[in-house]
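Report on one structure; see the data block that follows.
Every number here is computed from the coordinates shown, using simple stated rules; none is lab data. The model shown is predicted, which means the values in this text are computed figures rather than measured ones. Cβ placement follows ideal geometry from the backbone for every residue including glycine, while neighbour counts extend to all protein chains displayed.
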Amino acid sequence: MSDTQPISTTAAGPANGAQIVPPAASGGVTQATVVSRTAPKTAYRPADVSPQRRVQRSYSVRLWAVRHSRALEWFYARFADIFLMLHPLWNRIGYSRVEAPVTFVEKRVKGLMFDCRMCGQCILSSTGMSCPMNCPKQLRNGPCGGVRANGNCEVEPDMPCVWVKAWEGSRNMVHGDKILDVQKPVDQSLRETSAWLRVTAQAAAARDAAKAQVSA
Ligand code: SF4
């Protein structure tokens, strides 16, 4: 048999006991070698960084938040108390006037920590500090059926499924079972508004209603 003669194969393997030799092993040139040889040589080339690792790094802060969900749960409870204490101030200035500056700060802080998409109806404390709006399908009540075997997203294969992470984060939290609560659909009219102020105004209204009931 000559070098150029094709080897006939069957489902059981190569016919006539012939062996298939990989091109590299036979002294041939692989596709990867061709790509590497023809790639333009630049002065700077990042070492030991693959495109996949670069993509994964963009999730590192949000994954950190999930790993520290218990501490963040504690911190957020204190933070919400302080915001509620400041309710008379917000009221005096006017909630609508403080909306823009508070939204500005909230967007940057939560954007950095959780990749927040400013849905305006934050449920981080019910989802293990994993923002469900990062799910490409924006599911608010658990994962779809397409989670990969390695726990990554079906749509973005390099991204850990936000609901797998939500479950992991919720297991560390004191009130982690809130993940079982059924969430309402997103009210799109609240996008780009402050969830911090909304929660504060609702808590203040509930507190005032409770006080009024006691004194009645
Ligand atoms: S649930 Fe909404 S407000 Fe909360 S982090 Fe996600 S996008 Fe932002």
Farthest positive-ward along region 112-205 dipole, Cα basis, beta-carbon charges - from Ser125, Gln138, Asn152 | Ser125
Among Cys116, Cys161, rank each residue by its count of other Cβ atoms within 10 Å, from fewest to most, as a rough exposure measure.
-> Cys116, Cys161
Arrange the following residues from fewest to most other Cβ atoms within 10 Å of their Cβ: Thr127, Thr30, Thr42.
-> Thr42, Thr30, Thr127
Where labels lie 7 Å past Cα in the beta-carbon direction, separation of Gln213 and Ile82 in nm | 3.0
With a cut-off of 17 Å, note down the residues of region 109-133 whose backbone N falls inside the zone around a label point 7 Å from the Cα of Cys144 toward its beta carbon.
-> 132-133
DSSP-assigned coil residues among trypsin sites (Lys or Arg not before Pro) in region 107-216, each with at most 14 further Cβ atoms within 10 Å | Lys137, Arg148, Arg191
On full extension of the chain, what length is gained from Ser96 through Lys137, given 0.36 nm per residue of separation minus the C-alpha to C-alpha distance?
-> 11.6 nm
Counting only Cα, what are the radius of gyration and maximum Cα-Cα distance Dmax of region 59-215, in Å?
-> 16.7, 57
Under-5 Å amide H pairs with Asn152, H placed in peptide plane, nonlocal only | Cys161
Under the Karplus relation 6.51 cos²θ - 1.76 cosθ + 1.60, θ = phi - 60°, what is the ordered set of whole-Hz ³J(HN,Hα) values for region 188-203, x standing for Gly and Pro?
-> 5, 6, 9, 4, 6, 10, 7, 6, 4, 5, 5, 4, 5, 4, 5, 5
How many nm is it between the label spots at Thr30 and Trp74, if each spot is 7 Å from the Cα in line with the beta carbon?
-> 5.0
Alpha carbon centre of region 166-216 versus region 117-157: separation in Å?
-> 19
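If you place +1 on the Cβ of every Lys and Arg, -1 on the Cβ of every Asp and Glu, and leave all else neutral, what size is the dipole of region 74-206 about its Cα centre, to the nearest 20 Debye? Walk me through the numbers on the way to the answer.
Details: 16 positive and 12 negative charges, 53 e Å.
Around 260 debye, computed over region 74-206.
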Tell me, Ser60, Ser170, Ser126, Ser215 in order of fewest to most beta-carbon neighbours within 10 Å?
-> Ser215, Ser60, Ser126, Ser170
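How large is the dipole of region 50-133 about the Cα centre if only Lys and Arg carry +1 and Asp and Glu carry -1, each at its Cβ, rounded to the nearest 20 debye?
On the way: 13 positive and 5 negative charges, 81 e Å.
For region 50-133, the charge dipole is close to 380 debye.
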Report the FRET efficiency, 1/(1 + (r/R0)^6), for Asn152 and Val109, where r is their Cβ-Cβ distance and R0 is 25 Å, rounded to 0.05.
-> 0.40
